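The values are calculated or read from the model by the stated rules, or taken from the named source; none is laboratory data. Just so you know, these numbers come straight off a predicted model, no measurement behind them. Note that we place each Cβ from the backbone using ideal geometry, even for glycine, and neighbour counts take in every protein chain shown.
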């Protein structure tokens, strides 16, 4: 008699539904982990509360009725209070959502509450996805979908089996009838093949949604995302227009990805690229900052657009595209390698441009990943700024000090710096480039590079104190010291922060900048050429990286093939194929599919033509008896092989191994293996009889196969341990 | 005979029953039209959660188009894929499932009758879940031909009239609450209590399922129907104090020798007579052996004559009382072994010897309709010629009296 799989009863289904609902809530509230909204306490409370009631579903029955009566007015009051105090709509909405989830999680639910649970969870996840554009969203929405579908399935099964549902907040009957061993029963009731099919169907769901995503027609409305208005966010890393000593070094402690760059021509990336973000011209109170005057004079009025035409002239020939994916929380200043021809955002942005500084600044710190494409970017070690020469002349005439020339030091400190300059120049007049070289060497003689640096105690400016000491220093101190020395020599100078270097991801073929690549360096103005020259005084760098030759080599560059790179490649895939997918990508995909289809067709036709020619040539060869016999034998072999193939396929299709007495039955095969092993070592006993029954006997007479094999394994181990040829 | 034909012949229906497919030329027009107006056999009605999902999809779709945000687009795609998956799983669930209505047991007005629906899952390894079989019982006309009905051209009052007729239809939901394993069957029971006698059609209106996610209620129209005759209600009645008791409460004796208990006569002893029959007292008095002779004991049989066309039956309720009274009386008499024959109106009297004779007559009574007629009451000569004839006459507005040979015997 065929043993029937046991079924889950209504109580078990209820409990399963309860657990899945709880899991759904836990999944939803985990968005707080990357949403960066202040809801940690609520998340902790919800996680704890829901996990508790998942384990002990009888707990909600102890909640007094008054709690249910006051719950919704209370939640609304908390929301209004939150809105009033924080004045931020979106974070308040998120907290409201979590509160509702918490309430739904710790009380018994009706069907409409189950639906509410899904809607609340979905809202939270989609919101987090929209705001962060994080790869975690992809993981979470997939997990949420799987969980929500399982939950809905459980709800439907319960609904089908239930005759009368509990009303309101009444304790449902299943809570009183709980039995231990739910998972054992679920496992026993689950058919492995159906579970596998379920997994396959979910895979199909993902594939279909991917296809739908690509096929949904897009219309470019050029609207910016409305949700961003309701949330503010501060840059996490410290790339702002005000940097204290140690800020950049702090960023370097973080090894996470800051910017990913897709380049159409990888050979355009220099061996040691510098990605400029912020220019800091003013130094006072131990802080480098973007001076108010420079901000006023250099930055144009704020614009709202999706495209920005740059200073570089269009070139003939193939255009290079650099697509930047800057993670949220890095900065509102966009990393750029130089002047560009065109900058295109994914959607409309509010931004300001300082063309002379080579800087583009967004209005707010972006709350999500910011993608922009730069066309025709000039990757150079200098920045043309002829206008500054005029400004310099004008200021000299007026006797007015420019911030790029200004030294706000005490007389004592000024004398120390001038003494240092004399040591560097030996009284001669040096060009800005030469000065930078010598000053860097002077600094390198005194200091070594180190992330942990100490500024000696004492009076006066800390930067001057460090400069004349022999303490190790980080990039900001070196850059600051060079700027100070250059200004003392009369050379306009400024500090620039951004990223230096990066790594090439060998899996996704893109350039990756990590926060640990954060760097500070200087730019010295050469009045003769009208260029700002990049000078990097930090030991280990080429001070004047003036060469414009571009390394053509991905192979000479550091190629990252670590597990981190593998994970980052997923993120890049997410950005390239999902987040940045637009009408153009859709057209390109359609073209690619069309081309691939046409090429496949062409290749197939060519292959068939080739085979046709070969067969014709073979047939045209002279025939003799031997060739005839060989051909006939060949045809017979092909026919026999096909026949065997068909028989095998039929057997597989009909589940031949499942037929009674079928030798290919996995249980019989496993029993055969154990019998052979036992025969080799002459192991006898009852276990052998059981195994023989499994191997040769009627399926109806089988004992539980798992137990027999477990016993066989135990016997085998005992036999090996005692080295005894026979046990019983 | 193919398997499919055999199955149909055996009363099976459902997606699991193979039908000869009609070859229809593929036309896009048909496909599009089928999407807009699905076939009558398959209907999908969105549930609350389905409406919610569609609403959410629309909302997210609008937001996605408005903002060109790919996160919203991928959420939209995922939701649409969920709808597709729901459809595929619902199709899997119904696939190769067949059903059959079992022959109902005795059906009688006011008494519970068990109607069974057997479901078989013919799939190889996929189970079927959560079927909701909507059973229907409706008064039917024998061998009626179903005609397609449309309300498109109907007048409002006609449609209302049709709706008014609907309450006669009884509907019951039979739920498959457990899993129906592959190659397994399950029997669902419907305890049907008929409210009216006559010919009824028991059928499966449709089989519905919310499986898998409850977004849609997918319905498959069923064409399975089985005719059943509902016998009249078993009615309580009271015997008349005198006549009824006299004729119906016990047996009567007749004047011939037999094995009864009453002494009929004495006769001379003949060799072979049992010694136990010798009347010793009389033998001593007459000085010769006399034996006792007992009277034969016999029960008398009755004939039932239902006059449905009698002018007196003007009230439908009273008529129903008549039919149920006649049926109950006939059954009671038959059980007591005292029903000889039955007759309706001008028909021929049918002898009732076996249960099947009685059942046949009850079937006839079940579909007996009241006919307005000005015919006379039972002819007097019939009463004279037929002994033990039971007839029925109206009494008051709702009562019915059973008369034996013209005398009042029982009232219902």
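Numbers for the structure displayed
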read-out	value
Scan of segment A:195-233 for residues that are within 11 Å of chain B (Cβ to nearest Cβ), surrounded by fewer than 15 Cβ atoms within 10 Å (Cβ to Cβ), part of a helix (DSSP H, G or I) and at pLDDT below 90, ordered by number	A:215, A:226
Qualifying positions in segment A:459-499 - in a helix (DSSP H, G or I) and out of contact with any helix residue (DSSP H, G or I) (no Cβ under 7 Å at 6 or more places or on another chain)	A:462, A:465, A:479, A:483, A:487
The listed residue being over 29 Å from residue B:83 (Cβ atoms), within 14 Å of another protein chain (Cβ to nearest Cβ) and within 28 Å of the chain's Cα centre (by Cα), out of B:209, B:185	B:185
Among residues of segment B:37-50, those that are modelled with pLDDT of 85 or more and either more than 13 Å from chain A (Cβ to nearest Cβ) or under 21 Å from residue A:209 (Cβ atoms) (or both), counted	4
Matching residues in segment A:385-406 - criterion: being outside any helix (DSSP H, G or I) and buried (at least 18 other Cβ atoms within 10 Å of the Cβ)	A:385, A:402, A:403, A:404, A:405
Flag if residue A:175 is more than 30 Å from residue B:123 (Cα to Cα), at pLDDT 85 or above and more than 8 Å from every other protein chain (Cβ to nearest Cβ)	yes
Any hit, segment B:80-96, residues being more than 12 Å from chain A (Cβ to nearest Cβ), part of a helix (DSSP H, G or I) and over 24 Å from residue A:211 (Cα atoms)	yes
Tally of residues being part of a loop (DSSP other than H, G, I, E, B), farther than 14 Å from residue A:540 by Cα and modelled with pLDDT of 80 or more across segment A:434-458	4
Conditions (1) modelled with pLDDT of 90 or more; (2) more than 14 Å from every other protein chain (Cβ to nearest Cβ): number failed by residue B:180	(2)
Within segment A:132-167, tally of residues that are more than 12 Å from chain B (Cβ to nearest Cβ), under 28 Å from residue B:217 (Cβ atoms) and without any contact (Cβ under 8 Å) to a residue 60 or more places away in the chain	4
Residue check for residue B:57: modelled with pLDDT under 90, closer than 25 Å to residue A:156 by Cβ and within 12 Å of another protein chain (Cβ to nearest Cβ)	no
Qualifying residues in segment A:576-605 (those that are more than 10 Å from chain B (Cβ to nearest Cβ) and surrounded by 15 or more Cβ atoms within 10 Å (Cβ to Cβ)) - the one farthest from residue B:65 (Cα to Cα)	A:576
Neighbours by Cβ (under 8 Å, 6+ apart or cross-chain): first from segment A:1-15, at the interface with chain B (Cβ under 9 Å from one of its Cβ atoms) and closer than 28 Å to residue A:176 by Cβ; second modelled with pLDDT under 85 and surrounded by fewer than 18 Cβ atoms within 10 Å (Cβ to Cβ)	A:10/A:162
Flag for residue A:161 being in contact with a strand residue (DSSP E or B) (Cβ under 9 Å, 6 or more places away or on another chain) and within 28 Å of residue A:68 (Cβ to Cβ)	yes
For residue A:109: the one exception among (1) within 14 Å of chain B (Cβ to nearest Cβ); (2) within 31 Å of the chain's Cα centre (by Cα)	(2)
Where residue A:48 falls short, out of the listed (1) more than 14 Å from chain B (Cβ to nearest Cβ); (2) without any contact (Cβ under 8 Å) to a residue 40 or more places away in the chain; (3) touching a helix residue (DSSP H, G or I) at 6+ places or on another chain (Cβ under 8 Å)	(3)
Number of the condition not met by residue A:90 [criteria: (1) more than 14 Å from every other protein chain (Cβ to nearest Cβ); (2) modelled with pLDDT of 90 or more; (3) part of a helix (DSSP H, G or I)]	(2)
Residue match in segment A:4-14 (condition: within 36 Å of the chain's Cα centre (by Cα) and surrounded by fewer than 18 Cβ atoms within 10 Å (Cβ to Cβ))	no
Residue under evaluation residue A:662, criteria (1) closer than 27 Å to residue B:123 by Cβ; (2) in a helix (DSSP H, G or I); (3) modelled with pLDDT under 80, criterion not met	(2)
